[in-house]
Amino acid sequence: MKTSNIILLALGGFALAFITAMTIVFCVKGAVPDTLIQYTLGAGGLEAFLLAGIKVSAVLSGRGSSREDTK
């Protein structure tokens, strides 16, 4: 399995766990920690930006292809 796929699966699992936790916090407390949500989503956006940069640099250097492998 490609490293980028593992990173994306881990990010998706974390996002699912985070959304579940925030739903539970909202049900119990009646409010959500807005700052925590803002910074968590910001970190996810930064991670996606860096992953895109890695992919672009791999394609430009010739180590990767511009299309997905069909294996």
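Looking only at region 1-47, residues that are among the hydroxyl-bearing types (Ser, Thr, Tyr) and touching a residue at least 40 places away in the same chain (Cβ under 8 Å) come to 1 in all.
Residues in region 21-32 that are open to solvent by 70 Å² or more (accessible area, probe 1.4 Å) and not charged (D, E, K, R): Thr23, Ile24, Phe26, Cys27, Val28. When the residues of region 1-15 are filtered to those that are in a helix (DSSP H, G or I), more than 10 Å from the chain's Cα centre (by Cα) and not β-branched (Val, Ile, Thr), the one that is surrounded by the fewest Cβ atoms within 10 Å (Cβ to Cβ) is Asn5. Within region 49-71, the set of residues being modelled with pLDDT under 80 and either surrounded by 10 or more Cβ atoms within 10 Å (Cβ to Cβ) or among the polar types (S, T, N, Q) (or both) comprises Gly64, Ser65, Ser66, Thr70.
The values are calculated or read from the model by the stated rules, or taken from the named source; none is laboratory data. Keep in mind the model is a prediction, meaning the values are calculated, not measured. Reconstructed Cβ throughout: ideal geometry from the backbone, glycine too, with neighbour counts over all protein chains shown. Quick note on the areas: whole protein, heavy atoms, side chains included, nothing else; ligands and nucleic acids left out. Shrake-Rupley method; radii C 1.70, N 1.55, O 1.52, S 1.80 Å.
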